[in-house]
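What follows is a set of notes on a single structure, which appears directly below.
The values are calculated or read from the model by the stated rules, or taken from the named source; none is laboratory data. Remember, it's a predicted structure, so these values are computed and weren't measured experimentally. No Cβ is skipped: glycine too gets one built from the backbone with ideal geometry, and neighbour counts run over all protein chains shown.
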């Protein structure tokens, strides 16, 4: 089993059971104990688990990762400000992708004032908000449903996105690094976001400052693929300069 799938198996097992055993991973993934120890060490360095004798247990960061209600309230004020700022770059008649994720779900409430707008999304909270507004033409991308992330995903969703073209895509990420690009805790989430990037004229990354210069589980895009990074005013001065010098248009 390739490294990315092994780590996905480890994180998903922790989410379901709260604990994972080394011998269980070795049997399922058909790899050596040394390889598993290396995987666990890497995931521990990202704050996703705590190593124990014979395996690992969930960390508080993992609990936060998979609890939507808790995650949406983390840095809530900054997320709201980012979404309000993002609406300034939306125009009447636009066709836009809205990615899944807690920050992006908050964007929906700020675009209901438009008279004519088409929104294509995989996010169930976004659809739940917009379905009440006939002035917004909304399309929910079909696919498998991830209950924890409240979004659709999978090959059906990825293929369906390819049928659409948007003026703008408003996407999220669990981490962004100038050197390593955009990354996600989840492979399937990253694959969906990449498809939205590919099928849009302009890409806006909505990302609070706590995620800047952080690397998550799976890289899915480079910083050259985004046109604008919208973040909050807490971005460090040195980071702001570094990103702008690196050719990223930072808006805050």
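Table: residues versus (1) in a helix (DSSP H, G or I); (2) modelled with pLDDT of 85 or more; (3) on the phi < 0 side of the Ramachandran plot.
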{"site": "65", "(1), (2), (3)": "yes, no, yes"}
{"site": "69", "(1), (2), (3)": "yes, no, yes"}
{"site": "77", "(1), (2), (3)": "yes, yes, yes"}
{"site": "81", "(1), (2), (3)": "yes, yes, yes"}
{"site": "86", "(1), (2), (3)": "yes, yes, yes"}
{"site": "97", "(1), (2), (3)": "no, yes, yes"}
{"site": "107", "(1), (2), (3)": "yes, yes, yes"}
{"site": "129", "(1), (2), (3)": "yes, yes, yes"}
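Test residue 202 against the stated conditions and say whether it is in the same structural domain as residue 85 (by TED's automatic domain parsing), at pLDDT below 95, closer than 24 Å to residue 120 by Cα and part of a strand (DSSP E or B).
Details: in the same structural domain as residue 85 (by TED's automatic domain parsing): yes; at pLDDT below 95: no; closer than 24 Å to residue 120 by Cα: yes; part of a strand (DSSP E or B): yes.
No, not satisfied.
Would you mind finding the one in 240, 234 that is more than 25 Å from residue 96 (Cα to Cα), assigned to a helix (DSSP H, G or I) and at pLDDT 90 or above?
Working: 234 fails: assigned to a helix (DSSP H, G or I).
Only one candidate qualifies: 240.
What's the number of the condition residue 167 fails, among (1) modelled with pLDDT of 95 or more; (2) more than 22 Å from residue 140 (Cβ to Cβ)?
All conditions are met except number (2).
Among the numbered criteria (1) touching a helix residue (DSSP H, G or I) at 6+ places or on another chain (Cβ under 8 Å); (2) assigned to a helix (DSSP H, G or I); (3) at pLDDT 85 or above, which single criterion is violated by residue 14?
Status for residue 14: all satisfied but (3).
Considering only residues of segment 207-227 that are surrounded by fewer than 18 Cβ atoms within 10 Å (Cβ to Cβ) and over 12 Å from residue 177 (Cβ atoms), which is nearest to the chain's Cα centre (by Cα)?
For segment 207-227, the residue satisfying everything is 210.
Is it true that some residue in segment 210-221 is part of a loop (DSSP other than H, G, I, E, B) and within 20 Å of residue 86 (Cα to Cα)?
Just the residues of segment 210-221 that are part of a loop (DSSP other than H, G, I, E, B), to begin with: 213-217.
Within this subset, residues satisfying the condition of being within 20 Å of residue 86 (Cα to Cα) are none.
Checked against the condition, which is being part of a loop (DSSP other than H, G, I, E, B) and within 20 Å of residue 86 (Cα to Cα), segment 210-221 yields no hits at all.
Applying the selection to segment 139-152, what residues are crowded, with 22+ Cβ neighbours inside 10 Å and touching a helix residue (DSSP H, G or I) at 6+ places or on another chain (Cβ under 7 Å)? Give the derivation first.
At the first step, the residues of segment 139-152 found to be crowded, with 22+ Cβ neighbours inside 10 Å are 141, 149, 151-152.
Across segment 139-152, the qualifying residues are 141, 149, 151.
Are any residues in segment 183-199 at pLDDT 95 or above, buried (at least 23 other Cβ atoms within 10 Å of the Cβ) and in contact with a helix residue (DSSP H, G or I) (Cβ under 7 Å, 6 or more places away or on another chain), and if so, which ones?
192, 196
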